[in-house]
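Please read the structure below before turning to the comments.
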Amino acid sequence: MQAALLIADKNKDIRSRMAELFSQAGYKVSSTGSAVAALVNVVTHRPQVVVLGVDFDDIAADVLIPVLKKFNKDLTIILLSDDPSLPFLRKVRRAGIFYHALTPVSEEDWKEIEQVVACAFDTARHNQHEKDMRPRHAII
C-alpha cells in the first residue's frame, strides 16, 4: 500500500512544491488550501501523515488539530508555522502534533521537511505494527 500524505496549507507555492517533492519520492499525495477540505480528506481518504499550515480562512490550525485527531487518532501531524510563540506551541503539542517546523525557505529547510515526513511515516508504520501485534482477547 502506498503511503498517503495530505498537504494542507493556504500557501499555494508551498503546497505545489511539497506535492511535487513527495510525489517524486513515491508518496500518494493530495493537497488543499482549505481546512474544511482537509477535514473531509482525513475522514474519507484516511492519510497517515498530514503536513498542516496554520493559515486558513475558515479555521485556525490549533482548533483544527484536535478535530482531525478525533476523526483519526493515529494521524501523524507535522505543523508548519512561522510564529513559534510558546503558548501556541504548547497548545498544539498537547493536541497531538508529531513535529513543528518553520515554513521552509532554504534548501536546508526543505531537507528537514523531507526527513521529518520520512520519519513520520516510519513512526506511523511502527505504531501500526505494534498495534497489530497486541494480543486480542476473545469474549466467549
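Derivation of every value follows stated rules applied to the coordinates shown; laboratory data play no part. On a predicted model such as this, the values are computed, not experimentally measured, just so you know.
Estimated at 0.36 nm per residue, the fully extended path between T123 and F71 surpasses their Cα-Cα distance by 16.8 nm. Once a ≥ b ≥ c are taken as the square roots of the eigenvalues of the Cα gyration tensor of the stretch 4-133, is the result rounded (a/c under 1.5), prolate (a/b larger than b/c) or oblate (a/b not larger than b/c)? Rounded shape, in that the Cα axes give a/c under 1.5. For K10, the lysines whose Cα falls under 25 Å of its own Cα, not counting residues fewer than eight places away in the same chain, are K28, K69, K70, K73, K91, K111.
For the pair the stretch 4-22 / the stretch 64-95, the C-alpha centres are spaced 18 Å from each other.
For the stretch 65-134, the gyration tensor built on C-alpha atoms gives an oblate shape. Its axis ratio a/c (a ≥ b ≥ c) is at least 1.5, and a/b is not larger than b/c. The mean sequence separation of alpha-carbon pairs under 8 Å and at least six residues apart, normalised by the residue count of the chain, gives a relative contact order of 20 percent. Taking 0.36 nm per residue of separation and subtracting the Cα-Cα distance, full extension of the segment from S34 to E114 would add 26.5 nm.
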